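Worksheet: the structure to be examined is printed underneath.
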Amino acid sequence: MEHDSPKHGKLYLWLEERVGLSDFAKLARKKEVPLHRHTFWYYFGGMTLFLFVIQVLTGILLLLYYRPSAGEAFESIQFIMTEVQFGWLVRSIHSWSANLMIFAMFIHLFSALFLNAYRRPREMTWLSGGGLLGLSLAFGFTGYLLPWNELAFFATRVGTEIPGVIPVIGPFLRRLLRGGNEVTGATLTRFYGIHVAILPALVTVVLGLHLFLVQKHGMSRPPSVEGSGEGKRSMPFFPNFFLRDLVGWLCALGILAALAAYFPAELGKKADPFQPAPIGIKPEWYFMAMFQTLKLLPAHILGIEGELLGVLGFGVIGVILIAMPFLDRRAAGANRSSRLAAGFGLLLIVYSVVLTYLGYTMSAMK
Amino acid sequence: MANDETTAAVDHGRRSLLNWFLSTTAGAFLVSVTYPLSRYLIPPDVEESTANTVTLALKPQEVKPNSGQIFRFGSQAGILVKDTNGELKAFSAVCTHLACIVQYRPDVSHIWCACHNGHFDLNGRNVEGPPPKPLEQYVVNVRADQIVVSKRG
């Protein structure tokens with residue numbers, strides 16, 4: 001019996017009897033990671049999780065000084081950036097890690113899409129991942145307002161106006177989001193509550209489900225690999241894959257530290273509701289393709305307001321993406337990659353890259 | 001042993017009554033939680049300024065031709081423009097596209113929204129870019145050395 005083995009001390013045996021440590025050890029031994037030419041893409045889920053943990057930790061630190069009111073928010077961040085020791089570093093890491101996390105998450109999403117990882121029985125894993133993407137974008141959107149600077153103010157005005165164009169329920173939704181008819185201090189406290197309490201609670205539940213499902217089903221072997229002669233080679237998760245994960249996290253931490261140190265987060269000018277929108281106003285990069293689309297759409301298309309059509313288009317793309325396991329029936333049985341997923345994914349990437357490029361290069365004043 | 005059929009019948013009647021009580025109680029509890037919660041989440045109405053007229057804190061001669069500036073109209077922003085002929089005009093400064101605050105562009109003599117590159121001419125008409133509707137125009141009156149802006153109608 002393992003209990004009597006002399007290599008375990010008294011403390012271990014005490015804990016083993018009460019907690020059952022060997023169950024965890026058994027679980028860790030059981031977990032295997034498929035080994036094939038696409039194994040590399042498995043690292044990005046763990047990478048996203050690592051960056052999320054950094055977000056939680058730095059977010060908690062920022063809470064100690066931040067004040068969520070229109071009169072004090074901007075000044076409290078100025079205080080963090082200039083007076084608090086290493087305050088600039090904590091805020092810069094929070095801001096950069098948010099961006100890297102969204103980036104890692106997009107890589108994770110597209111690799112799961114191209115490798116058809118969503119197919120049976122992993123539909124719920126895909127859906128919970130879609131939920132986590134939505135929650136992360138909501139984190140980004142609500143967090144962007146918290147410094148209460150000019151850019152944040154107008155980004156929020158536009159962002160909360162967008163659901164407002166939906167017929168019938170639009171104006172109600174806009175009011176609910178803003179905590180009033182306009183973007184004011186009431187919006188700031190509301191976004192603060194959403195950012196630090198509601199979203200974390202939701203993420204805990206959905207992330208828990210996502211990770212549980214990943215453990216339950218194991219990692220998906222892409223159909224193209226199953227069909228080929230690459231066989232069923234695999235690698236133990238612990239310690240082999242985990243140590244490789246750690247190397248990746250160390251690299252991410254290095255990149256993060258360099259970005260935060262050389263390009264600290266900016267603060268800009270304090271928001272003033274009675275000033276025109278600043279020239280060259282931009283959202284976060286992951287909203288840029290949507291922003292540029294709204295900019296290029298004409299006022300009316302076939303008698304419908306352009307912005308409504310644009311918003312509807314974003315909605316349709318989101319629904320197709322989320323519903324991919326149910327739309328793509330062929331990948332389920334076949335031992336080859338799905339053309340539908342590959343085509344859709346490629347189209348989405350090309351469109352986003354082109355529009356994002358235009359967003360950053362086209363003259364703002366044309 | 002009692003007759004199984006009678007027991008079952010009696011039990012069934014009692015059980016459905018108890019189930020009915022239980023579910024109505026649970027339902028009432030749920031409503032008593034969700035109703036206040038949803039009312040709480042909807043922000044209360046704040047008194048909006050119903051003023052139809054505002055007197056600006058600047059004198060007509062202080063406004064240069066071919067320039068514009070933002071002023072407060074209740075809780076909303078308005079824009080006062082003096083065109084190249086020296087005529088004063090005022091509009092709502094809230095872009096009809098996605099509600100950014102517009103500004104005056106002296107280089108093209110347009111009212112312009114920086115957010116999505118929308119252009120309005122000096123009659124408030126949406127002439128270029130995504131805005132779907134013209135800006136709401138206000139009436140400008142110059143009384144002595146005061147500028148008074150009022151809503152139409």
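Quick note: the coordinates plus some simple rules give every number you see, no bench work behind them. Just so it is clear, the model here is predicted, and its values are computed rather than measured. FYI the Cβ positions are ideal-geometry reconstructions off the backbone, even for glycines, and counts take in every protein chain you see.
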Within chain A, which is the longest segment that contains none of the GluC sites (Glu not before Pro) sitting in a DSSP loop with at most 12 other Cβ atoms within 10 Å?
A:84-265
Fraction of the pair-distance distribution of the stretch A:88-213 above 23 Å, Cα-Cα pairs, percent:
43
Cross-link table B:K89/B:K151; A:K270/A:K295; A:K269/B:K89; A:K31/A:K216; A:K270/B:K59, entries beyond 18 Å C-alpha to C-alpha:
A:K270/A:K295; A:K269/B:K89; A:K270/B:K59
Log entry: pair-distance distribution for the stretch B:7-83, C-alpha pairs binned every 10 Å from zero, whole % per bin is 13, 20, 13, 11, 11, 10, 9, 7, 4, 1
Residues with amide H under 5 Å from that of B:V127, placed H, sequence gap 5 or more:
B:H119, B:F120, B:D121
Share of pairwise Cα separations in the stretch A:281-331, more than 12 Å, in percent
70
Formal net charge of residues neighbouring B:T96 (Cβ-Cβ distance under 11 Å; K, R +1; D, E -1):
-2
Any idea what angle helix A:242-262 forms with the longest principal axis of chain A, computed on alpha-carbon atoms, 0 to 90 degrees, nearest 10?
30
Starting from the Cα coordinates of the stretch B:29-73, work out the convex hull volume and express it per residue in Å³.
110
Radius ratio Rg over Rh of the stretch A:1-114, counting only Cα atoms, Kirkwood formula for Rh
1.20
Quick one: which residues, 5+ away or cross-chain, put their amide H under 5 Å from the amide H of B:F73? H built at 1.01 Å from N.
B:G78
For the stretch B:88-102, just list the computed ³J(HN,Hα) in residue order, Karplus coefficients 6.51, -1.76 and 1.60, θ = phi - 60°, integers in Hz, with x standing in for Gly and Pro.
8, 9, 9, 9, 5, 8, 8, 4, 6, 7, 10, 6, 6, 8, 7
Near the amide H of B:L58, under 5 Å away, which other amide H atoms are found, from residues 5 or more places off or on another chain, if H is placed in the peptide plane?
B:I147
Run through every distinct alpha carbon pair of the protein assembly as shown and return the Kirkwood hydrodynamic radius in angstroms, one decimal place.
27.4
Give me the number: length gained by fully extending A:A342 to A:V354, i.e. 0.36 nm times residue separation minus the C-alpha to C-alpha distance, one decimal in nm.
2.5 nm
Based on the alpha-carbon set only, what is the convex hull volume of chain B divided per residue, in Å³?
190
Within the stretch A:51-159, which chymotrypsin sites (Phe, Trp or Tyr not before Pro) sit in a loop by DSSP and count at most 14 neighbouring Cβ atoms inside 10 Å?
A:F86
Averaged across orientations, what area in nm² does the convex hull of the alpha carbons in the stretch A:215-366 project?
15.4
Might you report the magnitude of the Cβ-based charge dipole of chain B about its Cα centre, with Lys and Arg at +1 and Asp and Glu at -1, to the nearest 20 debye?
520
With the convex hull built on the Cα atoms of the stretch B:83-153, state its orientation-averaged projected area in nm².
5.2
